[in-house]
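Nothing in this text is a laboratory measurement; each read-out follows from the coordinates by a stated rule. It should be emphasised that the depicted structure is a prediction, and the values quoted were computed from it without experimental measurement. As a convention, Cβ positions derive from the backbone with ideal geometry for all residues, glycine included, and neighbour counts pool all protein chains shown.
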Ligand SMILES: [Zn+2]
Ligand SMILES: [Zn+2]
């Protein structure tokens, strides 16, 4: 017997060969709850996965320019129901919730380069202590590829008090934490959400400067 981790309703025991043999995860939520996770489908920006009328490179990506980030893959659109679920994920402190995304994120991760190593976006020490886990790291673990932690978040009291506009224009978010051998590495940044692209681009630029051969990103949500 199992219960949906979102609505706590009783779930009919689902049996498939994949579940029996342990290759498919046991669903964490009931069908109606899982349907609230809006997968990105149809035409999108070929570089950042933003849903579009037609497949092309969006204006934001043109502004960022080529050469730093190869592309961003995302799993879900930022709909109201996805927002609701993400708020639970962030603030309930329930690492269990990552099970919701496991199957979908692994399906998208099949598009990653074979030799890719994952670089989760770090939280500041303060945020990590407050939350108890780093959601980006949990997502990276669900993808089941080697994980590197070369980034460290630069914290300043002022950072959180700044408006979004100031933050966009503002100083660096990360530094390299130690001498990691990144020369020639194929890296994929992992984060929960891609909004303006600022976080991912800042991280990508550092990794590229440290010698990474290519950097792309996989984010759960395209905001
Ligand atoms: Zn449910
Ligand atoms: Zn784009």
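How many percent of DSSP beta bridges within the chain run antiparallel, rounded to 5?
The antiparallel proportion sits near 25 percent.
What is the spin-label model distance, in nm, from residue 106 to residue 21 if the labels are put 7 Å beyond Cα along the C-beta direction?
For the pair residue 106/residue 21, the computed spacing is 1.2 nm.
Over the chain, with a Gaussian network built from C-alpha contacts below 10 Å, which listed residue (90, 114, 175) shows the highest mean-square fluctuation?
114
Mind listing P(r) for the chain? All alpha-carbon pairs, 10 Å bins, whole percents.
7, 31, 37, 20, 5, 0
Under a point spin-label approximation (7 Å from Cα along Cα-to-Cβ), what is the residue 205-residue 114 distance to one decimal in nm?
A separation of 3.4 nm, rounded to one decimal place.
Return the single residue from 115, 83, 39 with maximal mean-square fluctuation; model: Gaussian network over the chain, springs between Cα atoms under 10 Å.
115
Given labels modelled 7 Å from the Cα in the Cβ direction, how far is it in nm from residue 133 to residue 195?
Going by the 7 Å Cα→Cβ label model, 2.3 nm.
Counting pairs of alpha carbon atoms under 8 Å apart in space and at least six apart in sequence, what relative contact order in percent does the chain give?
21 percent
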